[in-house]
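The values are calculated or read from the model by the stated rules, or taken from the named source; none is laboratory data. Note that the structure is predicted; figures quoted are calculated from it, not measured. Here Cβ is always computed from backbone atoms with ideal geometry, including for glycine, and neighbour counts include all displayed protein chains.
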Amino acid sequence: MWKHLKKWLGFGNAIIENEEDLMKKFLIVGLGNIGEKYHNTRHNIGFKILDFLAEKEEATFETVKLGDVTTLKVKGRTLILLKPSTYMNLSGKAIKYWLEKEKIPLSNLLVITDDLNLPFGTLRLKTKGSDGGHNGLKDIQDKLQTTKYNRFRFGISDTFSKGRQVDYVLGEWNDEENSKLQERLKISRELIKSFALAGVNNTMNQFNGK
């Protein structure tokens, strides 16, 4: 009734259209650490996926508050890509700031992260879950005060010897992984676009386990 009253008074359409516009905005966050020494490490797969996506869409990142940001238009949707500059363990601060600044609903947030529990290159999209011991996800959960946000996990496997987890995660991709990364990055790009265009449930059905 209030919606009809607002339209009758002559200002409802603008409000309704604005709400619809907000639902078409998405914050796509790739987790990683800033600095050249981290550039090609397994832990920085979130940055790498966003770099690949931006390059293919001919978009350029700009260094702004709490991160590097660029914006894509995909069939009527606006995708804001964010690479936080807060380092992995404080990722939540940048995400919270950009969600609030751009007035993006939590349902339109997608966080891209590495996952030791998945075989190399496995893609898995989830709408909620624990941090799984991942410090970046732990900080996001703390800052957003919820575990219910979309995360895109990219498998990096756990093929390291006992006590070598940190060296492995912060190590660079080996030759075999590098030879397969391009194909995995292409599918990751399609997953992100599908998330914005087809929704999280359809995207999970299409891409999980690929």
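Things to note:
- In summary, helices (runs of 4 or more DSSP H) completely within the range 153-208 and bearing 1 or more residues that are closer than 18 Å to Val29 by Cα and modelled with pLDDT of 95 or more occur at 175-198, 200-207.
- Matching option when the condition is under 22 Å from Leu197 (Cα atoms) and of a type in the set (Ser, Thr, Tyr), among Thr41, Thr86, Thr63, Thr78: Thr78
- Residue match in the range 190-206 (condition: surrounded by 15 or more Cβ atoms within 10 Å (Cβ to Cβ), aromatic (Phe, Trp, Tyr) and farther than 21 Å from Thr78 by Cα): no
- Within the range 117-138, at least one residue is within 14 Å of His43 (Cβ to Cβ), in contact with a helix residue (DSSP H, G or I) (Cβ under 6 Å, 6 or more places away or on another chain) and not in a loop (DSSP other than H, G, I, E, B).
- In the range 40-54, of all residues being touching a residue at least 60 places away in the same chain (Cβ under 8 Å), in contact with a Lys or Arg (Cβ under 8 Å, 6 or more places away or on another chain) and of a type outside the set (A, V, I, L, M), the one that is farthest from Lys101 (Cα to Cα) corresponds to Asn40.
- Residue count for the range 139-152, restricted to those that are closer than 17 Å to Leu27 by Cα and either of a type in the set (Val, Ile, Thr) or out of contact with any helix residue (DSSP H, G or I) (no Cβ under 9 Å at 6 or more places or on another chain) (or both): 3.
- Boolean, Gly67 is buried (at least 23 other Cβ atoms within 10 Å of the Cβ) and farther than 19 Å from Arg184 by Cα: yes
- Considering residues of the range 55-112 that are without any contact (Cβ under 8 Å) to a residue 12 or more places away in the chain and part of a helix (DSSP H, G or I) only, the residue nearest to Asn44 (Cα to Cα): Glu55
- Gly46 within 13 Å of the chain's Cα centre (by Cα), modelled with pLDDT under 95, crowded, with 22+ Cβ neighbours inside 10 Å and part of a helix (DSSP H, G or I): no
- For the range 104-156, filtered to residues that are under 11 Å from the mean Cα position of the chain (by Cα) and aliphatic (A, V, I, L, M), the residue that is surrounded by the most Cβ atoms within 10 Å (Cβ to Cβ) is Ile112.
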